[in-house]
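Take a look at the structure set out below.
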């Protein structure tokens with residue numbers, strides 16, 4: 001058998017099937033090697049009687065249930081024997097022609113052995129983003145079924161199965177050919193008759209639109225479109241609704257994408273290249289020709305990375321930029337990725353620490369919502385990315401010095417090179433912020449007065465009252481303060497806090513502040529008059545925050561063990577508390593209490609999950625700033641006095657569970673930051689030389705239990721044969737710890753039983 | 001050549017200048033008894049009285065120096081001061097003469113703890129020594145028989 005014509009049908013015998021069969025009989029040579037299979041499913045009308053009355057070469061494949069288009073076709077194919085299978089919908093009518101013209105037209109291209117499917121219309125599928133032969137009329141070579149199987153029944157009632165079959169056939173190297181090749185048929189809107197080079201008329205979806213046969217056709221079609229998109233349309237599937245270009249190894253590259261990668265290829269330094277937000281990896285199409293290139297592309301999206309590996313090889317990795325373990329690279333490329341990150345501006349600065357050259361793009365001045373919810377940063381301009389050279393990519397793909405569109409359709413093209421001097425003026429406007437609670441008449445006046453007396457100009461003072469919330473304009477003392485502030489040209493404002501503590505108060509100040517710098521001062525601090533001037537002198541374009549010394553007048557002034565490394569946080573000896581031998585400005589991991597910080601470096605905000613106490617709020621705030629790429633510094637020449645006023649204060653909550661909550665949260669942060677902070681066990685030897693030696697006799701036992709200890713003692717020489725143990729002066733220890741670890745207090749508290757001195761130490765520390 | 005015996009005869013000087021009640025009052029007699037059998041080295045700080053009859057006086061030693069001579073000596077005799085604690089850390093044991101302080105609290109079992117009578121122990125063992133009145137009667141007057149167990 002040469003030809004098997006298969007016609008699926010579902011009711012509509014008289015109005016569709018009969019005219020269809022009539023036209024076939026009229027315009028087909030049925031004496032030739034041909035069979036016509038009517039695959040009837042779910043028919044309740046006269047279809048069966050009609051088909052059975054037709055006789056040779058008509059055959060009936062009967063299924064009493066409505067099994068859907070694909071299954072009905074497949075049943076017909078199974079019953080067929082022809083070398084070529086013709087699929088015809090029952091809503092076609094062959095138009096006037098010489099007998100067999102239509103069959104001859106369909107079979108003609110099969111002279112080329114690589115042709116698998118022919119048909120009169122090859123059109124686009126939007127969901128699949130591919131062209132396909134529409135199966136209302138087509139011819140398929142039998143071997144195609146043998147090789148790729150039948151139509152996929154997942155498409156159910158119908159729609160999309162032809163697209164899917166054609167794509168699968170093409171994937172198996174069969175060509176799909178439209179006949180005639182001169183052009184597709186056209187639709188006459190008036191007659192709705194298909195006209196063109198192929199002699200056929202197609203009603204189109206006649207059965208599908210019959211609600212007696214099919215209900216919810218629109219939803220069925222949409223669902224099948226989704227299946228096609230999931231299978232074949234990487235742009236639809238991975239493109240965030242066109243927000244992201246997902247380009248395969250064969251797809252054309254749009255102008256802007258082409259421009260930026262061409263530019264990147266020309267500007268890449270060295271050979272070790274990291275591309276952040278690599279999407280489908282099509283940058284490799286440009287970079288692969290760079291000699292000896294060592295390229296890694298990362299993206300947070302598993303889907304695009306899988307796609308990238310399939311298209312461009314195993315040089316891609318799923319990674320979140322905020323947790324990625326950066327190495328050192330010659331060049332980092334970050335095209336249209338920074339705007340996706342809440343901390344994108346900070347990340348741009350951080351990346352500079354990991355490369356010699358940083359190339360990036362972000363949308364210029366994009367209106368919120370323009371590119372959907374995936375973008376977290378909007379209205380970006382050059383000022384958001386300091387220390388870069390800038391150009392602009394216009395929509396048509398050209399690179400220019402200036403934008404030609406001001407609402408998100410241009411890209412800022414940014415390039416930074418290590419060692420190049422980017423001379424950017426630093427804005428040094430300052431808002432001083434004093435959160436306060438219950439200290440109107442104790443230390444708050446000292447803090448305010450120290451702001452007034454600064455040698456550097458303070459633009460604005462914000463007092464955030466989280467306590468009694470009185471109208472201070474009615475208080476005589478404060479009327480003088482406000483008058484002084486007016487005289488000094490310092491705008492002032494008293495704002496009532498929300499009662500949620502210090503972290504919320506500082507966050508409020510960020511939101512209110514319009515200056516580049518914010519100077520935070522506690523309400524029991526008094527800054528020396530030159531503090532702000534010295535701190536501002538310490539900043540450069542990379543500086544996120546600078547603090548000075550924050551000295552408690554009754555505490556010792558020096559301590560060699562002081563550290564502001566985050567891993568030493570539990571040592572409890574912040575460098576800001578002690579006068580160093582070397583008074584040069586130094587980089588630190590975090591700051592304490594009082595410091596200035598750059599508003600644009602604070603987009604990460606304060607940790608509002610902390611309790612009202614806000615324990616470690618400044619540590620978390622400044623260290624996250626550092627993690628975002630900003631420098632955090634101490635200038636030890638700037639001295640602020642911290643009176644540690646035991647009365648009042650915004651942290652004045654006696655509920656220990658709040659402190660513990662915050663400490664637990666901080667421990668979680670450390671874990672997230674991948675910092676194994678040294679947990680030193682504090683040993684306090686506030687006693688005699690003999691007591692020191694008595695303790696020393698169990699030191700090894702203690703070291704077995706506490707691998708890291710710090711000894712506050714009166715006779716440090718006793719422990720000089722343990723050089724790895726930090727020793728601090730007993731005067732550095734808080735009163736609470738001195739009491740907690742006082743050996744003789746312990747012995748007195750337990751004097752009902754006779755405890756040996758050494759055993760007492762064991763009980764205290766083991 | 002006689003074996004070496006180290007004596008540490010004094011507890012720390014009190015700020016008020018009074019005699020520390022932990023100091024043993026019969027060192028001179030004791031040294032006269034023992035120096036026939038030992039070369040006695042007195043350790044301590046400069047300014048402390050030298051006990052007649054000692055073979056040598058080593059004052060203001062560093063802890064390393066003190067460790068060296070202690071380990072080289074046959075044994076030591078000390079009052080309740082830092083020295084028995086120091087010796088304990090280097091594994092050296094000897095004789096400790098107690099008065100009003102309790103060896104069960106401040107002493108080490110591996111030493112020979114010489115105490116006249118526990119009834120002389122002061123009731124509050126953990127107060128400072130500044131105002132504790134020195135009383136020679138709380139100490140045992142020692143003779144050679146008290147040191148029979150030198151090999152301990």
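With a cut-off of at least 1 residues that are more than 19 Å from residue A:623 (Cα to Cα) and in contact (Cβ under 8 Å) with a residue 40 or more places away in the chain, name the strands (runs of 3 or more DSSP E) lying wholly within the range A:509-567. Walk me through how you get there before you give the answer.
Working: elements: A:517-520, A:525-527, A:543-551.
So the answer is A:525-527, A:543-551.
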Hey, residue A:759 out of contact with any helix residue (DSSP H, G or I) (no Cβ under 8 Å at 6 or more places or on another chain), at the interface with chain B (Cβ under 10 Å from one of its Cβ atoms) and closer than 30 Å to residue B:44 by Cβ or not: yes
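Are any residues in the range A:351-383 in a helix (DSSP H, G or I) and surrounded by fewer than 18 Cβ atoms within 10 Å (Cβ to Cβ), and if so, which ones? Before the answer, list the steps.
Residues of the range A:351-383 that are in a helix (DSSP H, G or I), as a first pass: A:351-354, A:382-383.
Hits for the range A:351-383 are A:353, A:354, A:382, A:383.
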Output for the range A:219-277, where each listed residue is part of a helix (DSSP H, G or I), in the same structural domain as residue A:390 (by TED's automatic domain parsing), farther than 20 Å from residue A:409 by Cα and in contact with a helix residue (DSSP H, G or I) (Cβ under 7 Å, 6 or more places away or on another chain): A:265
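Is it fair to say residue A:722 is more than 22 Å from residue B:128 (Cβ to Cβ), touching a strand residue (DSSP E or B) at 6+ places or on another chain (Cβ under 9 Å), surrounded by fewer than 21 Cβ atoms within 10 Å (Cβ to Cβ) and modelled with pLDDT of 90 or more?
Details: more than 22 Å from residue B:128 (Cβ to Cβ): yes; touching a strand residue (DSSP E or B) at 6+ places or on another chain (Cβ under 9 Å): yes; surrounded by fewer than 21 Cβ atoms within 10 Å (Cβ to Cβ): yes; modelled with pLDDT of 90 or more: yes.
Answer is yes for this residue.
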Filter result (out of contact with any helix residue (DSSP H, G or I) (no Cβ under 9 Å at 6 or more places or on another chain) and either part of a helix (DSSP H, G or I) or under 16 Å from residue A:101 (Cα atoms) (or both)) within the range A:1-23: A:15, A:16, A:19, A:20, A:22, A:23
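In the set A:694, A:712, which member is away from chain B (no Cβ under 14 Å) and under 25 Å from residue B:83 (Cβ atoms)? Walk me through it before giving the result.
Details: A:694 fails: away from chain B (no Cβ under 14 Å).
Checking each option against the conditions leaves just A:712.
State all residues of the range B:16-62 that are assigned to a helix (DSSP H, G or I) and touching a helix residue (DSSP H, G or I) at 6+ places or on another chain (Cβ under 6 Å); if no residue qualifies, say none.
We begin by selecting, within the range B:16-62, every residue assigned to a helix (DSSP H, G or I); these are B:27-34.
If the condition is that a residue be assigned to a helix (DSSP H, G or I) and touching a helix residue (DSSP H, G or I) at 6+ places or on another chain (Cβ under 6 Å), then B:33 is the only one that fits.
If you take the residues of the range A:745-756 that are more than 9 Å from every other protein chain (Cβ to nearest Cβ) and in a helix (DSSP H, G or I), which of them is surrounded by the fewest Cβ atoms within 10 Å (Cβ to Cβ)?
Applying the first criterion (more than 9 Å from every other protein chain (Cβ to nearest Cβ)) to the range A:745-756 yields A:746, A:749-750, A:752-753.
Next, only the ones that are in a helix (DSSP H, G or I) stay: A:746, A:749.
On the way: A:746: 17, A:749: 10.
Checked the range A:745-756; the qualifying residue surrounded by the fewest Cβ atoms within 10 Å (Cβ to Cβ) is A:749.
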Given (1) in a helix (DSSP H, G or I); (2) within 14 Å of another protein chain (Cβ to nearest Cβ); (3) more than 30 Å from residue A:745 (Cβ to Cβ), number of the condition residue B:145 does not satisfy: (2)
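Rundown of residues vs (1) at pLDDT 85 or above; (2) over 21 Å from residue A:571 (Cα atoms); (3) in a helix (DSSP H, G or I); (4) out of contact with any helix residue (DSSP H, G or I) (no Cβ under 9 Å at 6 or more places or on another chain), yes/no style:
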residue: A:663; (1), (2), (3), (4): yes, no, yes, yes
residue: A:670; (1), (2), (3), (4): yes, no, yes, no
residue: A:684; (1), (2), (3), (4): yes, no, no, no
residue: A:704; (1), (2), (3), (4): yes, no, yes, yes
residue: A:736; (1), (2), (3), (4): no, no, yes, yes
residue: A:739; (1), (2), (3), (4): no, no, yes, no
Scan of the range A:38-59 for residues that are over 23 Å from residue A:210 (Cα atoms) and either outside the structural domain of residue A:159 (by TED's automatic domain parsing) or part of a strand (DSSP E or B) (or both), ordered by number: A:58, A:59
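The values are calculated or read from the model by the stated rules, or taken from the named source; none is laboratory data. All of these numbers come straight from a predicted model, not from anything done at the bench. In this analysis, Cβ positions are derived from the backbone assuming ideal geometry, glycine residues included, and neighbour counts consider all displayed protein chains.
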